[in-house]
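The values are calculated or read from the model by the stated rules, or taken from the named source; none is laboratory data. Here the structure is a predicted model, which is why all the values come from computation and not from measurement. Quick reminder, even Gly has a Cβ in these numbers, built from the backbone with ideal geometry, and neighbours come from all protein chains shown.
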Amino acid sequence: MAENNKVIPTGYMEDTQGRLVPVESIKVIDLARDALVMESMKEAQAMADALARFKGTIMEDIEAFCELSAEAYGARLGGKKGNVTLYSFDGRYKIIRSIDDFITFDERLQAAKVLIDECLKRWSEGSDAKLRTIVNDAFQVDKAGRINTNRVLGLRRIEIQDETWQRAMKAISESVQVVSSKAYVRFYERQPDGSYQQLNLNIAA
């Protein structure tokens, strides 16, 4: 049965254009290729499902452990959980649970750009060419029309004692919008030299 639930008659196979082809007219090498791909995909899907279930279970276990640990001190965790690192008693293994936020900026970023341009224009004679380059690079967009969030947020680390600049930095901070979050869990084993090597669970790597 095909993935669109169309019933394939016995003795036929569906080709890439949706046509029914008699099996006896298909070359042996094409049948062998199809068998290899279908069997491999079946095993790969089973593995992917198992990894997905494992990730869900380990995330729940880590969250439950964090709650248990907090309760030992009379604290109650609330809201979204952050990053956490757990070590085995002997320090040989560690598990890292991390939460990555995907952010964008709202319309206040445009206000920040106007204020920054005002500063650069006012400082035109004595402004640092390097600072101009940093600012211009921060507001460049990629081929998909996206602004590099790290570069924009990095402007806040530049210490400039100017009221307009400070208002621009405040506008940047307040324009940040968290659009989604993704949780990751990674496993590490300590090596003889003391470093930790990540256990590779990514078949593509």
Every residue in segment 178-198 that is of a type outside the set (Val, Ile, Thr), touching a residue at least 12 places away in the same chain (Cβ under 8 Å) and loosely packed, with under 12 Cβ neighbours inside 10 Å, please.
180, 181, 182
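Among the listed residues 86, 77, which satisfies the condition of being surrounded by 12 or more Cβ atoms within 10 Å (Cβ to Cβ), farther than 30 Å from residue 136 by Cβ, of a type outside the set (Gly, Ala, Ser) and at pLDDT 90 or above? Walk me through how you get there before you give the answer.
Working: 77 fails: at pLDDT 90 or above.
Residue meeting the stated conditions: 86.
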Mind listing just one residue for me: the one in segment 165-190 that is of a type in the set (A, V, I, L, M, F, W, C) and not in a strand (DSSP E or B) and, of those, farthest from residue 48 (Cα to Cα)?
165
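Return the residues of segment 90-113 that are free of Cβ contacts under 8 Å to residues at least 12 places away in the same chain and of a type outside the set (Asp, Glu); say none if nothing qualifies. First the steps, then the outcome.
First pass over segment 90-113, keeping only residues free of Cβ contacts under 8 Å to residues at least 12 places away in the same chain: 90, 110.
Of everything in segment 90-113, just one residue is free of Cβ contacts under 8 Å to residues at least 12 places away in the same chain and of a type outside the set (Asp, Glu), namely 110.
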Name, by its number, the condition in (1) of a type outside the set (Gly, Ala, Ser); (2) touching a residue at least 12 places away in the same chain (Cβ under 8 Å); (3) part of a helix (DSSP H, G or I); (4) closer than 30 Å to residue 199 by Cβ that does not hold for residue 156.
(4)
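Can you say whether residue 201 is under 24 Å from the mean Cα position of the chain (by Cα) and within 30 Å of residue 55 (Cα to Cα), as far as the supplied structure shows?
Working: under 24 Å from the mean Cα position of the chain (by Cα): yes; within 30 Å of residue 55 (Cα to Cα): yes.
Criteria met by residue 201.
Quick check on this structure: which one of 116, 96 is at pLDDT 85 or above, β-branched (Val, Ile, Thr) and not in a strand (DSSP E or B)?
One residue alone meets the criteria, 116.
With respect to residue 19, is the statement that it is among the charged types (D, E, K, R) and in contact (Cβ under 8 Å) with a residue 24 or more places away in the chain true? Break it down into steps so the answer makes sense when it comes.
Working: among the charged types (D, E, K, R): yes; in contact (Cβ under 8 Å) with a residue 24 or more places away in the chain: no.
No.
Take residue 109 and decide whether it is in a helix (DSSP H, G or I), in the same structural domain as residue 178 (by TED's automatic domain parsing) and over 21 Å from residue 178 (Cα atoms). Show your work before the answer.
Numbers: in a helix (DSSP H, G or I): yes; in the same structural domain as residue 178 (by TED's automatic domain parsing): yes; over 21 Å from residue 178 (Cα atoms): no.
Criteria not met by residue 109.
With the condition kept exactly as written, say whether any residue in segment 191-199 is outside the structural domain of residue 44 (by TED's automatic domain parsing), part of a strand (DSSP E or B) and at pLDDT below 85. Walk me through how you get there before you give the answer.
From segment 191-199, those outside the structural domain of residue 44 (by TED's automatic domain parsing) are 191-199; that's our starting set.
Of the ones still in play, those that are also part of a strand (DSSP E or B) are 196-198.
Subset that is at pLDDT below 85: none.
No, there is no match, as no residue in segment 191-199 is outside the structural domain of residue 44 (by TED's automatic domain parsing), part of a strand (DSSP E or B) and at pLDDT below 85.
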Please verify whether residue 175 is surrounded by 14 or more Cβ atoms within 10 Å (Cβ to Cβ) and of a type in the set (Ser, Thr, Tyr), treating the condition exactly as stated.
yes
